[in-house]
Structures are given as C-alpha cells and as structure tokens.
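Here's the structure we're looking at; comments come further down.
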Amino acid sequence: MKRNLVFVDWVNLVLGIALVISPWVLAFPAGAATYNAVIAGLVIGLVAIGAIVAFAQWEEWVNLIVGIWVLIAPFILGFGGAATAMWTHVVIGLVVAILAAVELWGVTRQPAAS
C-alpha cells in the first residue's frame, strides 16, 4: 500500500499531545472535559505513532472515529458551556477527522502497485 501523506501522522501526533496537555495549559474545568481530552489525546497520539512506524488503514479509521468523537464530545458529555474546553475539542476533533478522511481517501484512491 503506497502512501504519500506521512506528514499527516506527525500532525496527528502533535494534535494528540496538544489535546492531552490542554486541560492544564488552558485551565479546563475538572471532570469530563479533562478526562476526555487526556484519553482521546492519548489514543490519537498512540495511533499516530503506530502509523508513523508501520502504516495500516485501520489506524486512519480509528483516528476518524476518535476525531468525530472529540468533535461532538462537548455536547454529549455536557461541557459545551466551558468555551475553552469546547472549542479545543471541536477544533482538534475536526482537524483529526478531516486529516483521517483525506488520508483514507488518498489510500483507497491510489491504483494498485504493479
């Protein structure tokens, strides 16, 4: 499986780290926002490391799902009123989901190697 978008995994790694540290850097309220940021950030970061080491298409599916979760989590978990936590989740979730979708599209649209 040929792949040209390795930089996407590095961006996801940075985004995962940013999400993990965001509760302390941006002073999220204690509770769901903090737990979600740490857990989802760790998943995004670990999947990105796995994709950097040995790419597999399932890793992008995981990042797509986790990115969508991070995007909608403030509204489902009830911390949408905490503006900083909400916007951090929405922006990082949206970027991770879009990057995963683009990478999946690129991988599935490439012709088979001969």
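Extents of region 1-64, largest first, come to 43, 17, 15 Å (Cα atoms, principal axes, whole angstrom). 3J(HN,Hα) along region 36-43, derived from phi through the Karplus expression 6.51 cos²θ - 1.76 cosθ + 1.60 where θ = phi - 60°, amounts to 5, 4, 5, 5, 5, x, 5, 4 Hz, with x in place of Gly and Pro. Taking the square roots of 5 times each eigenvalue of the Cα gyration tensor of region 6-109, largest first, gives ellipsoid semi-axes of 25, 13, 10 Å. V47 sits among other residues whose Cβ lies under 10 Å from its own Cβ, and their net charge, with Lys and Arg +1 and Asp and Glu -1, is -3.
Every read-out reported here was derived from the displayed coordinates using simple, explicitly stated rules and does not represent laboratory data. Computed from a predicted structure; not experimentally measured. All Cβ positions, glycine included, derive from the backbone under ideal geometry; neighbour counts span all protein chains shown.
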